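Only one structure is covered here, and it is reproduced in the block below.
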Amino acid sequence: MVVATGGHVAVPDIPGAELPHVHTGPGLREWLDDRLFAGWRHRLVRPAAVRLASRAWMPLGRRVAIIGGDLVALELAEFLAARGRRVSILEAGNDIAPEVGNKRRTEHMDRLDRLGVTVHVRAAVERITAQAVMFTPAGGTSRPLPADSVVIAGTVQPDTRLFDAVVAAMPGAEVHAAGDCGGLGLIRKATEEGARAACAI
């Protein structure tokens, strides 16, 4: 048996996250599905249509703060900045996109720089207010980052629930995990694990 349930997004609990101008990454996708593409999205909506529609309207203000700096957060920042938003990224770790190699990270950093995206690493987010995100930069003091909209990107965690349940329910069975459910990675890891599982079966 092969289990490939992927990962799930863990969203940090930040004071002010319940404010109406604050979105989570998964919540923003659901909101767009329900409000913008409801009813006909499965038949008509294609990536090109989303790109075109998003240039005319998006449910986000002009100044957007993204809390989190993984690959998905960087791609969102590029997407929003290309549509006229002033975007800032707040990442608690030492690096953005730690899940990718140096070459790809550098490519994203170059694009973010060209688009005017501000990146703060080692930034400790304290709370979200109606006008700003309060954070402390590395070696600094608490300060506001003005924002009309805030997106809490969250971090992807392995979703091992089904894998663990199958292993427990079928002792001795040959069960393989492929993709993010067995640990985070990109498409190369997922295809390698899928190929190994297929060969083992």
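Things worth noting here:
- Residue-averaged [θ]222 nm for the chain, counting only DSSP H segments that reach four residues, each worth -39500 (n - 2.57): -10500 deg cm²/dmol
- Fluctuation leader among VAL167, VAL87, VAL125 - the chain, Gaussian network, Cα springs under 10 angstrom: VAL167
- Applying a DSSP loop filter and a limit of 10 other Cβ atoms within 10 Å to the GluC sites (Glu not before Pro) in region 144-201 leaves GLU174.
- Within region 158-200, the ratio Rg/Rh, alpha carbon atoms throughout and Rh by Kirkwood, equals 1.00.
- DSSP-defined beta bridges in the chain - what % are antiparallel, rounded to 5: 40 percent
- Two-decimal ratio, the chain, of alpha-carbon radius of gyration to 2.2 N^0.38 Å: 1.16
- Test item: Cα-centred dipole of the chain, Lys/Arg +1 and Asp/Glu -1 on Cβ, debye: 920 debye
- Cut-off of 10 Å, at most 10 other beta carbons, DSSP loop: longest stretch of the chain lacking such chymotrypsin sites (Phe, Trp or Tyr not before Pro): 58-201
- Highest mean packing first, where packing is the average number of other Cβ atoms within 10 Å per residue, the peptides 8-21, 145-158 line up as 145-158, 8-21.
- When only Cα pairs below 8 angstrom with a gap of at least 6 residues are kept, region 158-200 shows a relative contact order of 36 percent.
- The chain - percent relative contact order, Cα under 8 Å, separation 6 or more: 32 percent
- Note on LYS189, LYS103: ascending count of other Cβ atoms within 10 Å places them as LYS103, LYS189, the fewest first.
Each reported figure results from applying straightforward, stated rules to the coordinates on display, with no laboratory input. Everything numeric here is computed off the predicted structure, so don't read it as measured data. Because the Cβ atoms are built from the backbone with ideal geometry, glycine has one as well, and the counts that use them run over all protein chains shown.
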